[in-house]
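A short reminder: the numbers here are calculations on the coordinates, not readings from a lab. Just so you know, these numbers come straight off a predicted model, no measurement behind them. Cβ atoms come from the backbone with ideal geometry, glycine included; neighbour counts cover every protein chain shown.
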Amino acid sequence: MNRFTLGFIIAILVLIAVTVGLVLTTDKPTTTLPENTPEGTVQRYLTAIQEQDYPKAYSYLSFERTPKDTRPTTYDEWVRSLPVHYQSSQPAWRATLGKITTTSDNQSTVEVIIDIFRPGGPFENPVRTQTVPFQLVKSGDSWLIISPPYLYWIY
């Protein structure tokens, strides 16, 4: 066997080992948190976004407006605010719930660590990580997201 063939076989074995490693270490399905908690509301909102169930995702949002507020309030306005590239080809991303802060009986903040996977050059990091605070307000027995109403973190 010459060196080229040996190198080729080693490269194939390394690729197989990496593939097996990735399959074994991928996240297992998470349990669904109670919907009547801030973290459960955020989890269900993010799941609906990933599954492209936009009516369901919209149902977890609250759009309390002030006179100078220009945020969308209707479902159609909200869908139009989605990034155009997101509507045609959804980027790969993963969300992890972080710190939960309850500021009062009816207000809470859930930090979400979002990893967005985008291919780049050979020396670029293909993962961009950011922490996005989701602010919620209690409405009856449920929680609604008041900020962020947009998917700006997908850009």
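Sequence-ordered 3J(HN,Hα) estimates for region 102-118 from the Karplus curve with 6.51, -1.76 and 1.60 and θ = phi - 60° stand at 9, 8, 7, 5, 10, 9, 8, 10, 10, 7, 10, 8, 10, 9, 10, 9, 9 Hz, glycine and proline given as x.
If the chain linking ARG128 and LEU82 were pulled fully straight, counting 0.36 nm for each residue of separation and taking away their Cα-Cα distance, it would gain 14.6 nm. Counting neighbouring Cβ atoms within 10 Å and putting the fewest first, the residues LEU13, LEU151, LEU136 line up as LEU13, LEU151, LEU136.
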